[in-house]
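First comes the structure, then the notes that go with it.
The values are calculated or read from the model by the stated rules, or taken from the named source; none is laboratory data. Values in this document were obtained by computation on a predicted structure and should not be read as measured data. Ideal geometry is used to build each Cβ from the backbone, glycine not excepted, and the neighbour counts take in all protein chains shown.
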Amino acid sequence: MPTTKSPAKSAAARGSQPMLHRKGEQIQEYGTVRQLPVGLSHDARMYSCERLNQCLADSQILYSLYKKHHWLMRGPTFYQLHLLLDKHAGEQLELIDAIAERVQTLGGVAIGDPRHVAEITVIPRPPDGVEEVPAMISRLLEAHEAILVAAHDAAKRADEMGDDGTNDLLVSDVIRTGELQAWFLAEHLVDTPLVES
């Protein structure tokens, strides 16, 4: 005798199935801000989101450079630099999340697609192969400097526009972390003998 499912059981079975292959329209375009009750003007939020998204894109590239050089490290300082670059990458990853969340807090759309990031970053693309260690470190330092120069400028302007949260994020997190990481890297390029003869 064939069994028939009750309508309630059929609905329950359908409700447990994932709804795959869904497509939808964008509900907010990149480069726009929603009105949120954060006490800042539309212009201040637009400016901060634009500058933060640039910092976010460049920081994502810096993170990727750190991981690339961490994996491809060579030579007598392999162990120390392998660990240092991984530590710095982890710190950059935390910054990336904080920057993206600030963009969202301001009502913007955080840049997240790596293809979009590659289109707007100011950080030059490295060769696909392995560079010498001093070149790897120099490349990281140049990326840090590009981010730091832009962050100093953006922090000053955010302060002038009354966006204390963005100013604080840029100064306390992006700039201070970047400066410290740049110092640690730069010291690896000092040409001093390990022992005096």
Taking the options Glu131, Glu101, name whichever one is of a type in the set (D, E, K, R) and over 14 Å from the mean Cα position of the chain (by Cα). Glu131
I'd like to know if the range 25-43 contains one or more residues that are touching a residue at least 24 places away in the same chain (Cβ under 8 Å) and within 23 Å of Gly178 (Cα to Cα). no
Can you name the condition, by its number, that Asp159 falls short on among (1) of a type outside the set (S, T, N, Q); (2) part of a helix (DSSP H, G or I); (3) within 23 Å of Gly39 (Cα to Cα); (4) touching a residue at least 12 places away in the same chain (Cβ under 8 Å)? (4)
In a helix (DSSP H, G or I), crowded, with 16+ Cβ neighbours inside 10 Å, without any contact (Cβ under 8 Å) to a residue 60 or more places away in the chain and of a type outside the set (Gly, Ala, Ser): does that describe Leu85? yes
Those residues of the range 149-162 which are surrounded by 16 or more Cβ atoms within 10 Å (Cβ to Cβ) and under 29 Å from His70 (Cβ atoms), in sequence order: Ala150, Ala151, Ala154, Ala155
So if I check each of Gly178, Gly165, Gly107, Gly90, which one is more than 22 Å from Ser64 (Cβ to Cβ) and either surrounded by fewer than 17 Cβ atoms within 10 Å (Cβ to Cβ) or under 13 Å from the mean Cα position of the chain (by Cα) (or both)? Gly165
Of everything in the range 110-124, what is without any contact (Cβ under 8 Å) to a residue 60 or more places away in the chain, over 12 Å from the mean Cα position of the chain (by Cα) and not in a helix (DSSP H, G or I)? Give them in sequence order. Pro124
In the range 23-69, which residues are surrounded by 21 or more Cβ atoms within 10 Å (Cβ to Cβ) and among the β-branched types (Val, Ile, Thr)? Val33, Ile61
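Conditions tested, residue by residue: (1) within 20 Å of Ala150 (Cβ to Cβ); (2) modelled with pLDDT of 95 or more; (3) in contact with a strand residue (DSSP E or B) (Cβ under 9 Å, 6 or more places away or on another chain); (4) not charged (D, E, K, R).
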site: Lys67; (1), (2), (3), (4): no, yes, no, no
site: Glu91; (1), (2), (3), (4): yes, yes, no, no
site: Ile99; (1), (2), (3), (4): yes, yes, no, yes
site: Arg102; (1), (2), (3), (4): yes, yes, no, no
site: Gly112; (1), (2), (3), (4): yes, no, no, yes
site: Val122; (1), (2), (3), (4): yes, yes, no, yes
site: Arg125; (1), (2), (3), (4): yes, yes, no, no
site: Asp128; (1), (2), (3), (4): no, yes, no, no
